[in-house]
């Protein structure tokens, strides 16, 4: 049935705030080995069981000694020991130096390290430079991490550097929020999966592959990925089946106002429609609702059918919602700013996300260039681009204007 009384377009920020308020972080936890935790989200604070570094240590290959021993002008001291990393040296006495290597503990009484390139070795002796300072080239115990301090807090999404940090305090296994179970649904009589022959009027289903890849990059568990014809009963049946086994359903297509667009009606008949139609370009028909399933509410995102609109609405709306559901404390992307190397003639009534590329301009500064064809069906534009240039509704752009810019690297990891 064709919709006639359409809701007003909801501004993007307002829509995102509303949807995020409805996102309920999950509580299920599992414990995994550290090496299997990349991209996952911490379920508990992690507390250090030791100082890092565990002792004062040398930041250089060089010589450790008592700075007071050269205060009188004698800079030729005896080398009495050699301390590689992993060894503990003997106390340094008056007139002595220790040959020391990066990471080795500073021997007792030594208060200075001079790098080897600044010294002259003479058999069992070494001539030190005139200018030295107390504590130079010495890393303090606990200067990176202090024992009993919180090194990473609950809700942190683990990157390689966080994995390494946890390893540095001896963590081998960690509690993590379990992955969300998400299903993907593609609607359309014209859709054919890649690898099969096309008949007249048919197209390959690219949205399914895009959404599956985006979800995989987030570390969710893909429960199912189906294609269903443009039939309200078929859509309702498949949605009912998927809602039994997943935490969220994401569909593409069928959310506009045409006679073959059934997703919005299905959401309303099986639950509650919270949002439909945003002031965003591309992606205006996006819908969000909650399905009622035996007392459980299953979030449902209905994305537009055009490939570029699917990419934009997932990255801007769905991804932050899923990250919050997954337990992440940081779920909205970080924008940078750059200068436009293009102009627009006409102001639009929707916030626009142009597929764009951040490049170095002739003066060496970063500038934004946009793909010439911004049609919502042009997925090749996103392959050329490295991010989205953002234009607020009701504004035009002149060359030299500073615009918000959202790098794909913020959205696809």
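Just a few scattered comments:
- Residue check for residue 164: under 22 Å from the mean Cα position of the chain (by Cα) and free of Cβ contacts under 8 Å to residues at least 40 places away in the same chain: yes
- Close Cβ contacts (under 6 Å, 6 or more residues apart or on different chains) running from residues in region 242-266 that are over 21 Å from residue 218 (Cα atoms) to residues that are part of a helix (DSSP H, G or I) and modelled with pLDDT of 90 or more comprise 254/263; 255/263; 255/264; 262/232; 262/235; 266/235; 266/236; 266/239.
- Every condition in (1) exposed (fewer than 15 other Cβ atoms within 10 Å of the Cβ); (2) at pLDDT below 95; (3) closer than 30 Å to residue 175 by Cβ holds for residue 361 except the one numbered (3).
- Residue match in region 147-159 (condition: in contact with a helix residue (DSSP H, G or I) (Cβ under 8 Å, 6 or more places away or on another chain), under 30 Å from residue 73 (Cβ atoms) and either free of Cβ contacts under 8 Å to residues at least 60 places away in the same chain or not assigned by TED's automatic domain parsing to the domain that holds residue 218 (or both)): no
- Against the test of being surrounded by 17 or more Cβ atoms within 10 Å (Cβ to Cβ) and under 22 Å from the mean Cα position of the chain (by Cα), the options 187, 156 yield a single qualifying residue, 156.
- Neighbours by Cβ (under 9 Å, 6+ apart or cross-chain): first from region 189-211, under 15 Å from residue 252 (Cβ atoms) and in the same structural domain as residue 376 (by TED's automatic domain parsing); second modelled with pLDDT of 95 or more and surrounded by 10 or more Cβ atoms within 10 Å (Cβ to Cβ): none
- Qualifying residue in region 252-264 (condition: out of contact with any helix residue (DSSP H, G or I) (no Cβ under 9 Å at 6 or more places or on another chain), over 21 Å from residue 9 (Cα atoms) and modelled with pLDDT under 95): yes
- Selection of strands (runs of 3 or more DSSP E) fully inside region 1-113 by the criterion of at least 2 residues being within 22 Å of residue 171 (Cα to Cα) and touching a residue at least 60 places away in the same chain (Cβ under 8 Å) returns 29-33.
The values are calculated or read from the model by the stated rules, or taken from the named source; none is laboratory data. Treat the numbers as computed from the prediction; the structure is a model and nothing was measured. Note that we place each Cβ from the backbone using ideal geometry, even for glycine, and neighbour counts take in every protein chain shown.
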